[in-house]
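For reference, the structure is listed below as structure tokens.
Quick note: the coordinates plus some simple rules give every number you see, no bench work behind them. Please read all numbers here as calculations on a predicted model, not as lab measurements. Don't worry about glycine lacking a Cβ; one is built from the backbone with ideal geometry, like all the others, and counts go over all protein chains shown.
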Amino acid sequence: MIRGGRLLYRPLHSSRRGSIKHGMIEWANGDREWWYNGKRHRVDRPAVERANGHREWYYHGKRHRSDGPA
């Protein structure tokens, strides 16, 4: 469920509980997350970008790095 954030891109699909399936969320503190099929996912860019500059890469919900496993 999305709380404390604003949805910038409306999800293509969402459950009855309001959880995001596809799209991007920007939280009130400036953090941004990309979701696909209910999991953090983004190709060629970080799926999580924190307001403090920290970035996390996810591929179909699994954390990873481009040069090997996380």
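Between beta-carbons, use under 10 Å as the cut-off and find the net charge around Asp31, counting Lys and Arg +1, Asp and Glu -1.
Working: positive: Arg32, Arg50; negative: Glu26, Glu33, Glu49.
In short, -1.
Could you give the length gained by full extension between Arg45 and Arg63, i.e. 0.36 nm per residue of separation minus their alpha carbon distance, to one decimal place? Walk me through the intermediate numbers first.
On the way: separation 18, 0.36 × 18 = 6.48 nm, distance 1.23 nm.
Answer, rounded to one decimal: 5.2 nm.
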Exercise for the section: Mind giving me the nanometre distance, one decimal, between the label points for Asn37 and Glu56, set 7 Å out from Cα along Cα→Cβ? Expected result: 2.0 nm
Problem - In Hz, Karplus ³J(HN,Hα) per residue of the stretch 23-35 (6.51, -1.76, 1.60; θ = phi - 60°; x = Gly, Pro) - result: x, 10, 10, 10, 7, 4, 7, x, 5, 10, 9, 10, 10
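Would you mind counting up the charge near Pro46? Only other residues with Cβ under 11 Å from its Cβ, with Lys and Arg at +1 and Asp and Glu at -1. Please report the intermediate quantities before stating the final value.
On the way: positive: Arg32, Arg40, Arg42, Arg45, Arg50, Arg55, Arg63, Arg65; negative: Glu33, Asp44, Glu49, Glu56.
My count for the surroundings of Pro46 gives +4.
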